[in-house]
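Below is one structure, written out as structure tokens; the observations come after it.
Taken together, the values in this text are just the output of simple stated rules run on the coordinates, not laboratory data. Note that the structure is predicted; figures quoted are calculated from it, not measured. Neighbour counts run over all protein chains shown; Cβ positions are idealised from the backbone, glycine included.
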Number of protein chains: 2
Amino acid sequence: MLKILTCIDRVPIFSTLSPASVNKVHSIAHHRHYEVGETVFTTGDAVDYLMVLISGALRLSRTNKNGREQIIRELGPGEFYGELALFAELQAEGDLYAIAATDVCMMERKAMQEVLRDSPQVAWSLLGAMANRLAEAERLIANLSLLDVTERLVAELLRLAETGEATASGVRFTLPITWAQLATKLGTTPESLSRRLKQLNHNGLVTTDGRHVHLLNLKALQDILDDA
Amino acid sequence: MLKILTCIDRVPIFSTLSPASVNKVHSIAHHRHYEVGETVFTTGDAVDYLMVLISGALRLSRTNKNGREQIIRELGPGEFYGELALFAELQAEGDLYAIAATDVCMMERKAMQEVLRDSPQVAWSLLGAMANRLAEAERLIANLSLLDVTERLVAELLRLAETGEATASGVRFTLPITWAQLATKLGTTPESLSRRLKQLNHNGLVTTDGRHVHLLNLKALQDILDDA
DNA sequence: CGAGCTGTTGACTTCCATCAACTGTTGTGG
DNA sequence: CCACAACAGTTGATGGAAGTCAACAGCTCG
């Protein structure tokens with residue numbers, strides 16, 4: 001009981017539910033826990049539920065025959081997967097696995113459809129989340145196709161810098177993932193990323209110590225993007 | 001008056017509207033026409049409306065400083081742009097232009113929000129459309145990053161083949177766009193595409209005459225993808 | 001200690017974009 | 001009606017960005 005209450009409690013998209021709807025969600029929600037590295041599903045598995053994260057993090061990625069992996073999206077608390085399953089039987093295209101200890105709420109398709117019809121607010125929340133994700137996906141498409149590795153790296157560093165702390169000369173932050181994982185997100189390899197980073201360092205734009213990153217010249221970094 | 005009626009009439013996502021909502025949509029919808037090649041907006045323009053296509057086709061793309069263009073998505077009748085604008089002020093990231101004579105309905109943000117709150121059916125329709133578009137975008141991400149040009153070409157040819165007519169030896173269809181435009185969709189250049197196509201031809205898998213395409217060996221083509 | 005993981009560096013290779021030239025077609029206006 | 005411009009597509013030559021392969025250093029952990 002507690003865990004199901006938690007389920008609804010901690011998920012923003014359900015924050016506006018009426019008491020009646022809360023009961024309905026109660027009755028259809030299944031709780032599930034995943035450990036780091038645990039697989040939720042792999043390519044080809046049937047998905048017929050909407051999955052909302054309570055805590056932790058999941059990663060959706062695809063891998064080709066050469067073992068090359070592309071991270072498609074990452075899900076944090078409050079985010080969800082399975083929106084397409086609300087509308088049709090769905091074969092997963094990609095692998096979903098936990099990159100942190102993760103708790104999720106799983107809602108079956110049909111029951112969730114009812115909740116959505118009764119609760120425009122929830123539909124509205126979903127719509128907003130989807131619109132943002134679509135915009136992000138389309139930005140990634142453009143970046144992969146139009147920017148070289150250096151430019152994609154700089155773009156990501158500047159993005160991460162927004163969460164960092166300002167210093168006299170620039171911004172300092174700690175990379176939340178390994179450099180190899182960042183390479184996979186950016187659609188490149190650890191080797192290439194390492195070389196590009198070395199070059200930025202050589203040009204006096206960035207210093208790194210492990211995952212600790214210091215951007216020394218935000219303006220110059222921004223310029224790299226602007227002439228892209 | 002006629003054109004506004006047409007607006008709602010011919011757009012599937014509004015097919016379930018109640019009479020009251022129909023009136024509301026009437027009052028907020030602006031009709032607009034674009035000729036081939038005409039620009040709807042370019043990168044950085046403010047977008048504060050939802051735009052639904054009645055007929056024609058629009059293309060959303062981004063171009064980098066070298067003139068390299070990536071097609072992000074194409075919109076046909078019934079499809080829409082501006083979903084993100086429903087939630088926030090939005091700077092367009094990319095250029096939107098007409099690739100056919102096009103009629104659209106434009107709905108201002110605030111008014112559209114009301115319609116959505118009152119009409120769960122419309123929200124549901126939008127949700128379904130968005131979910132599909134997101135899935136498509138994520139497929140494109142994976143393809144751009146994991147497949148080489150030949151594989152992306154074959155994938156697209158097989159997709160197009162679904163709309164073609166079967167022949168003794170395979171499937172025949174006509175390319176709906178120029179080869180150069182296809183190259184842009186696939187994130188490559190006309191030159192590269194031409195070479196890959198020549199190679200497929202040489203291997204006896206495909207013949208072409210202008211935009212007329214004949215796939216001679218679906219199984220072999222599918223194999224190329226399966227080993228990817 | 002040794003195993004395993006993260007990250008780096010060097011040598012090599014390959015795919016593909018770019019540049020340039022050329023063909024064939026279409027359409028337009030003098 | 002022809003000439004010429006504009007565009008679609010092809011082909012060859014070339015260069016460069018980045019992926020691959022391999023070896024190695026440093027770190028952590030059992």
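Close amide H pairs (under 5 Å, H built 1.01 Å from N) link A:Gly78 with A:Leu53, A:Ile54, residues at least 5 positions away or on another chain.
List the trypsin sites (Lys or Arg not before Pro) in the range A:118-219 that DSSP assigns to loop (not H, G, I, E or B) and whose Cβ has at most 14 other Cβ atoms within 10 Å. Which are they?
Details: sites: A:Arg133, A:Arg139, A:Arg152, A:Arg159, A:Arg172, A:Lys185, A:Arg195, A:Arg196, A:Lys198, A:Arg211, A:Lys219; in loops: A:Arg211.
Qualifying residues, ordered by number: A:Arg211.
What separates the A:Gln222 label point from its copies, with the point 7 Å along Cα to Cβ, is 5.3 nm, written shortest first. Note that the range A:114-130 has calculated 3J(HN,Hα) couplings of 4, 4, 5, 5, 7, 10, x, 4, 5, 4, 4, 4, 4, 4, x, 5, 5 Hz, one per residue in order, obtained from phi through the Karplus relation 6.51 cos²θ - 1.76 cosθ + 1.60 (θ = phi - 60°); glycine and proline are x.
Proximity of backbone amide H atoms, modeled 1.01 Å from N, is registered between B:Val206 and B:Asn201, B:Leu216 at under 5 Å, excluding neighbours fewer than 5 places apart on the same chain. Positive end of the charge dipole of the range B:71-218 (Lys, Arg +1 and Asp, Glu -1 on Cβ, about the Cα centre): tell me which of B:Pro120, B:Leu160, B:Val171 has its Cα farthest that way. My answer, from the dipole projection, is B:Val171.
The distance separating the Cα centre of the range B:52-98 from that of the range A:179-216 comes to 32 Å.
Remark: spin-label model distance A:Arg68-A:Thr208 equals 2.1 nm, labels positioned 7 Å along the Cα→Cβ axis.
Normalised by 2.2 N^0.38 Å, with N the number of residues, the alpha-carbon radius of gyration of the protein assembly as shown equals 1.04. With label points defined 7 Å past Cα in the direction of Cβ, position A:Asp48 shows copy-to-copy spacings of 4.6 nm, given to one decimal and shortest first.
Counting, for every residue in A:64-75, the Cβ atoms of other protein chains within 10 Å of its Cβ and taking the mean gives 3. Give the aspartates and glutamates whose C-alpha is closer than 16 Å to that of A:Lys110, dropping any in the same chain fewer than 8 places away, or say none. Within reach: A:Asp48, A:Glu83, A:Glu89, A:Asp118.
For the range A:65-75, putting each phi into the Karplus relation 6.51 cos²θ - 1.76 cosθ + 1.60 with θ = phi - 60° gives couplings of 5, 7, x, 6, 10, 10, 6, 8, 7, 10, 10 Hz, in residue order, rounded to whole numbers and with x for Gly and Pro.
Helix A:19-28 and the long axis of chain A differ in direction by around 80°, with both axes built from C-alpha atoms. Between the Cα long axis of helix B:149-161 and the first principal axis of chain B there is an angle of about 70°, rounded to the nearest 10.
Averaged over peptide A:141-152, how many Cβ atoms belonging to another chain are found within 10 Å of each residue's Cβ? Present the calculation step by step, with values, prior to reporting the outcome.
Working: counts 13, 11, 5, 7, 15, 9, 2, 1, 0, 0, 1, 0.
Mean inter-chain Cβ contacts per residue within 10 Å come to 5.
Estimated from helical segments only, the mean residue ellipticity of chain B at 222 nm is -13000 deg cm²/dmol, where each DSSP H run of four or more residues counts as -39500 (n - 2.57). What the phi angles of the range B:165-171 give under the Karplus curve with 6.51, -1.76 and 1.60, with θ = phi - 60°, is a coupling list of 10, 5, 10, 3, 9, x, 9 Hz, glycine and proline written as x.
Shielding by partners for A:112-122, please: the mean number of other protein chain Cβ atoms within 10 Å of each residue's Cβ.
Values: counts 0, 1, 0, 0, 4, 4, 1, 1, 9, 3, 2.
That works out to 2 on average.
For A:Pro176, the label point sits 7 Å beyond Cα toward Cβ; its separations from the matching points on the remaining copies run 3.8 nm, from shortest to longest.
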